Amino acid sequence: MRVLFVTSPGLGHLFPTVPLAQAFRAAGHRVRYATGGLSLAAAEAGFDVVDVTPGLDYLPVYVPQEPGADSTAEHPMFAEDPEDAELATLFARVSGVMVDGALAAAREWFPDLVVAPPLQGSGRLLAAALGVPLIEPRLGSYDSGARLPSLLRAGMESHWARHGVTGEPPETVPLTTLPPSLTALLPEDRRTPEARPVRPLPFNGGVVLPGWLAGTPPLPRIAVTLGTIEAQWGGLAILGPLMEAARGVDAEFVVTLGGGDPALLADVPPNVRLVDWAPLDLLLDTCAAIIHHGGSGTMLTAAAAGLPQCVIPRGSYQQTGADLLPARSIGIVAEPGTLGAAQCRTLLKDERLRDNAHQVRDEILAMPTPAETVDGLVAALG
């Protein structure tokens, strides 16, 4: 079987799909990605990749600026909890620039199956055009809204029309990586009862382990990350109060810059280590807790590690953790300006948080692996 993965151009969209792609390949199927931008990193995971938008700068696609505008504060890219209609408008635009290249890649390769998250609307169009089943892995609660598929289809109707595609894929199979107790906390319209569960196996790329990451830290370690989008677009400055508070905490902090400018963090204390990047799953193996931006991939990676979490609710349309973590009592939420030593000590010393985090980790371990899910999908789809 030939399986074509179609993902949006961002590591938060690519990385959660890689374990499923690896499972398809390990089962003997041929796998290829059709994507662009940062998601071309699929090649580094060993996959064939077609660049469907060579040379395209995605920043103005994600965040178009009106003449004279200088703020992205109200844009859904930076909203803490954007409405489905806002997300659909944003990703109809992102998917729209990818449609032609993705469809050309599909018609050249003739896949038997298309895998695309719900917000990558070109995947659905491709599956319908070729008459093959579509697998839709939900990447978090943000892309699980019941109205999203119809809203995204409406936003891309001109692309469906110009390619002469009128129907739907012959079959659509949703997947979910949220463990049961987190799913139960979602609003009703964010649940997908028919979705097949699949264990969220963290994939964050590989690295030759540096000495500091290969050994046991001398102090309890707290990871700090804002992902890649917020970090690269100036968000590191919000960590200033945390840097000052870190001086009074008996712990080591590892801040992953994610391509951001370290100059935005002035007067970094000696117990804070700045690194441009480290595979999050490997970093968390050495940590006692994590502070992050609320992205769904980061939240699930930390949940799989069984760690207490603190979310800074700022600037991530992928936010899953800001509501779910405190509701499940596996984490806390703190505003950037008030995040300080007290919250850090809570992460390190609150046994209730840690016990509940271990419970969620055990739930995740009980979910079907990507390999088991692939076997089931192939059997069901013939």
Backbone HN-Hα couplings from phi across the range 359-372 [Karplus 6.51/-1.76/1.60, Hz, Gly and Pro as x]: 4, 5, 4, 5, 4, 5, 5, 7, 6, x, 5, x, 5, 5
Prolate/oblate/rounded label for the range 242-291 (Cα gyration tensor, a/c 1.5): oblate
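Grab the other residues whose beta carbon is less than 15 angstrom from that of ALA379, score K and R as +1, D and E as -1, and report the net. All intermediate terms of the calculation are to be shown ahead of the outcome.
Working: positive: ARG196; negative: ASP112, GLU171, GLU372, ASP375.
After counting each charged neighbour, the total is -3.
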Residue-level accessible surface for TYR62, protein heavy atoms, 1.4 Å, Å²: 10
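At 222 nm, what helix-only mean residue ellipticity would the chain give, in deg cm²/dmol to the nearest 500, using -39500 (n - 2.57) for each DSSP H run of four or more? Can you show the working numbers first?
Working: 17 runs with 145 residues, N = 382.
After summing the helix terms and dividing by the residues of the chain, the value is -10500 deg cm²/dmol.
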Inter-centroid distance (Cα atoms) of the range 243-293 relative to the range 327-348, Å: 15
Charge dipole (debye, nearest 20) of the chain; +1 at Cβ of Lys and Arg, -1 at Cβ of Asp and Glu: 680
Kirkwood hydrodynamic radius of the range 184-317, Cα pairs, Å: 15.8
Interchain or long-range residues, amide H under 5 Å from GLY331's placed H: GLN309
Equivalent-ellipsoid semi-axes of the range 319-382, from the Cα gyration tensor, Å, largest first: 35, 14, 8
Residue with peak Gaussian network fluctuation, the chain [Cα springs, cutoff 10 Å], from PRO187, PRO169, PRO336: PRO187
Fraction of alpha-carbon pairs over 18 Å apart in the range 165-215 - percent: 57
The range 247-326, Cα convex hull volume normalised per residue, Å³: 110
Karplus (6.51, -1.76, 1.60) ³J(HN,Hα), θ = phi - 60°, over the range 94-107, in Hz, Gly and Pro reported as x: 5, 5, x, 6, 9, 4, 4, x, 5, 5, 4, 5, 5, 6
Inter-probe distance in nm under a simple model that places probes 7 Å from Cα toward Cβ, at LEU264 and ARG162: 3.5
As computed over the range 201-260, the Cα convex hull volume per residue (Å³): 112
Size-normalised alpha-carbon gyration radius of the range 189-232, reference 2.2 N^0.38 Å: 1.84
Residue-count net charge about GLU157 - beta-carbon cut-off 15 Å; Lys, Arg +1, Asp, Glu -1: +3
Test item: Cα-centred dipole of the range 261-382, Lys/Arg +1 and Asp/Glu -1 on Cβ, debye: 340
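Please give me the summed charge of the neighbours of MET1: other residues whose Cβ is under 10 Å from its Cβ, Lys and Arg +1, Asp and Glu -1.
+1
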Mean accessible surface per residue for the chain, computed with a 1.4 Å probe while every protein chain stays in place, in Å²: 40
Amide H partners (placed H, <5 Å) of THR7, local residues excluded: ALA34
Amide H within-cut-off set for THR176, under 5 Å, with H built and near neighbours excluded: ARG138, ARG196, VAL198
For the chain, the spread of Cα positions along each principal axis, largest first, Å: 63, 52, 42
The chain - percent of accessible surface contributed by carbon and sulfur, probe 1.4 Å: 53
Whole-percent pair-distance distribution, where bins are 10 Å wide, for the alpha carbons of the range 77-224: 10, 33, 29, 17, 9, 2, 0
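The values are calculated or read from the model by the stated rules, or taken from the named source; none is laboratory data. Being a predicted model, the structure only gives us computed values, none of them experimental. As a convention, Cβ positions derive from the backbone with ideal geometry for all residues, glycine included, and neighbour counts pool all protein chains shown. For accessibility, only protein heavy atoms count, side chains too; no ligands or nucleic acids. Shrake-Rupley method; radii C 1.70, N 1.55, O 1.52, S 1.80 Å.
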